[in-house]
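Written below as structure tokens is the structure these notes are about.
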Amino acid sequence: MTRDLYKSEAYFEDIKKRNHLDIVNYKTTYQRKKQEKGEAYQGFAMVPLIFSSIYIYVHAAYSKGDEVSSLVSPYSEMLSWYNKSWKKEGDYSDGGDKAYSQLLTIISLGILLLDKEGLSDLYKVIKEVKYEDYLIRFMFKYIDANAVFPDKLLWPEDKGCQKLKKITESSKQGAESELKDYLENDFYTKENLETEYNSHKKSDGEYDGYWSFEAAALVKLLGLDDSSFKDNPYYPYDMVHFDGDKRGSPETIFKPEQVPAVNKTGASLAEPPKKKWWQF
């Protein structure tokens, strides 16, 4: 049964299938280029295409109503590719080339899907490139209770960021009240969602659901009682209460086509397929 209010299961299944095909094609291209260029190939042009497509896939799968446990593998793979997308020599003092809302969502999903290993790798990257933002660093308390985070927000004028920061600094009762208000009045707004706002009304097929995974992650981190907002349409209640015993071991579901090995001249080492009689 679909979790989304606006689109059907068939709609989200179509998004999943299209992105699954894209992911396989992108990964196949990535593997081919890596074989051609060697281990030095970092694939900064291909990697964002891969993780962004899996990111959309995960959103669409949740909106469709897929079991939360089925999101573990695609999320884990997405996070692995996302971790590769950071340029160690890059300047991230202003956020760099990373979409803030996407980064916040990726970390939040990792908390909800209990991916401590993948988030630990991302945390190392975040510290290495000196990405300084209160909320982003705060979220890493999930894997490091002693995580150090700056007082400043990367986007101090953003109302949603201000509200989320206030929630982390409140008492439990205050945080529960503020989070309820955030979900009811601050999350689904044009200011907060920007281009995603009202995307369900567009005909481009880019809508994949409205979910406040960051609110859910804070409930988990702060140990809050979510009974007063459990039925909010933007709150992923079942993901918050996901049973870790059902997590399982992540295995890739996006298997690229078999790419034949190449020698130094670029010629394939694999035997060419034999021609049929009618192909001569």
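The values are calculated or read from the model by the stated rules, or taken from the named source; none is laboratory data. Everything numeric in this text was worked out from a predicted model, so none of it was measured. For neighbour counting, all protein chains shown are included, and Cβ atoms are generated from backbone atoms with ideal geometry for every residue, glycine included.
Helices (runs of 4 or more DSSP H) fully within the stretch 162-280 that include at least 3 residues being over 24 Å from G110 (Cβ atoms) and at pLDDT 95 or above: 172-181.
Whenever a residue of the stretch 115-131 is assigned to a helix (DSSP H, G or I), its partners that are surrounded by 14 or more Cβ atoms within 10 Å (Cβ to Cβ) and of a type in the set (G, A, S), lying with C-beta atoms within less than 7 angstrom and at least six residues away or across chains, give the pairs G118/S76; G118/S80; G118/G110; L119/G110. So in the stretch 1-59, with the set limited to residues that are among the basic types (K, R) and not in a helix (DSSP H, G or I), which one is nearest to H200 (Cα to Cα)? My answer is K7. In the stretch 15-74, the residue that is farthest from L114 (Cα to Cα) out of those that are without any contact (Cβ under 8 Å) to a residue 40 or more places away in the chain and of a type in the set (A, V, I, L, M) is A40. Determine, yes or no, whether E117 is over 24 Å from K163 (Cβ atoms) and crowded, with 19+ Cβ neighbours inside 10 Å. No: the conditions fail for E117.
Restricting attention to the stretch 166-181, the residues that are surrounded by 17 or more Cβ atoms within 10 Å (Cβ to Cβ) and under 17 Å from I136 (Cα atoms) total 2. Being buried (at least 16 other Cβ atoms within 10 Å of the Cβ), more than 30 Å from A10 (Cα to Cα) and of a type outside the set (A, V, I, L, M) is a description that does not apply to D208. If a residue must be hydrophobic (A, V, I, L, M, F, W, C), closer than 20 Å to E184 by Cα and under 18 Å from the mean Cα position of the chain (by Cα), how many such residues does the stretch 194-244 contain? Within the stretch 194-244, residues that are hydrophobic (A, V, I, L, M, F, W, C), closer than 20 Å to E184 by Cα and under 18 Å from the mean Cα position of the chain (by Cα) number 8.
Taking the criterion of being part of a helix (DSSP H, G or I) and surrounded by fewer than 23 Cβ atoms within 10 Å (Cβ to Cβ), the residues of the stretch 60-70 that qualify are V68, S69, S70.
When every residue of the stretch 88-100 is checked against the conditions, at least one turns out to be buried (at least 16 other Cβ atoms within 10 Å of the Cβ) and assigned to a helix (DSSP H, G or I). So for the stretch 38-54 (the condition being surrounded by fewer than 19 Cβ atoms within 10 Å (Cβ to Cβ), of a type in the set (F, W, Y) and modelled with pLDDT under 95), does at least one residue qualify? Scanning the stretch 38-54 turns up at least one residue that is surrounded by fewer than 19 Cβ atoms within 10 Å (Cβ to Cβ), of a type in the set (F, W, Y) and modelled with pLDDT under 95.
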